[in-house]
1. Among the residues of the stretch 30-46, are any surrounded by fewer than 16 Cβ atoms within 10 Å (Cβ to Cβ), among the hydroxyl-bearing types (Ser, Thr, Tyr) and in contact (Cβ under 8 Å) with a residue 60 or more places away in the chain?
2. Could you list, in sequence order, all residues of the stretch 140-163 that are loosely packed, with under 13 Cβ neighbours inside 10 Å and either part of a strand (DSSP E or B) or touching a helix residue (DSSP H, G or I) at 6+ places or on another chain (Cβ under 9 Å) (or both)?
3. Checking the conditions here, which among 141, 110 is at pLDDT below 95, over 19 Å from residue 69 (Cα atoms) and not hydrophobic (A, V, I, L, M, F, W, C)?
4. Applying the selection to the stretch 7-39, what residues are closer than 21 Å to residue 80 by Cα, small (Gly, Ala, Ser) and modelled with pLDDT under 95?
5. Considering the stretch 82-125 alone, what residues qualify as being over 17 Å from the mean Cα position of the chain (by Cα) and polar (S, T, N, Q)?
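The values are calculated or read from the model by the stated rules, or taken from the named source; none is laboratory data. Since the structure is predicted, the reported quantities are computational estimates derived from the model, not experimental observations. All Cβ positions, even for glycine, are placed from backbone atoms using ideal geometry, and neighbour counts span all protein chains on display.
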Amino acid sequence: MMRFFGTLLLCLTVCCHLRAQTSFGDACVGSWKGVMHIYNKGVLKDSVPVRLTVTPTNQPQTWTWKTEYLSPKTPVVKDYILRLKDAAKQEYVTDEGNGIMLLDYLFVNKLYSVFETQGIVLTSTYELIGDTLIFEVTSGKQQTETGPAVTTYSVDNLQRVVFKKAN
């Protein structure tokens, strides 16, 4: 019985060590396809096919993060760079260009970013589950004081894509 638990502990340690060596960016490398569903106040307003392409660059721990919104009316391409800023703290940076840098924080298999622009608070997440990558952005700006020293913000909009690896 002790041999079994010893072997189990060794396997878990090796698996955790191997997983720790794979960065979030490396785990996302490839081509992904999905449909963005756009909600306002809980009601589906639109949907758009989306393609995400993640490729390593020639710089260490840096990846291109190209998102193509394949709308027939108004197609949009977002060419970003994802960079591992601090491996010990699991901090990343999304470089949107034009000097805009968003800080991202990795917890287990989910990358989080919270930021404000023009009075709107946004959260952005990417969650990797096997061969599925879930991307969500929420936004809202209405502030409500809900108690001493607590201010909450509305969540008015949600954009959500469930990406699948494209082969």
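1. Yes; the residues of the stretch 30-46 include at least one that is surrounded by fewer than 16 Cβ atoms within 10 Å (Cβ to Cβ), among the hydroxyl-bearing types (Ser, Thr, Tyr) and in contact (Cβ under 8 Å) with a residue 60 or more places away in the chain.
2. If we filter the stretch 140-163 for residues that are loosely packed, with under 13 Cβ neighbours inside 10 Å, which is where we start, we get 142-152.
Residues satisfying the conditions are 143, 144, 145, 146, 147, 150, 151, 152.
3. On the way: 110 fails: at pLDDT below 95.
Exactly one of 141, 110 is at pLDDT below 95, over 19 Å from residue 69 (Cα atoms) and not hydrophobic (A, V, I, L, M, F, W, C), namely 141.
4. 23
5. Matches in the stretch 82-125: 98, 117, 118.
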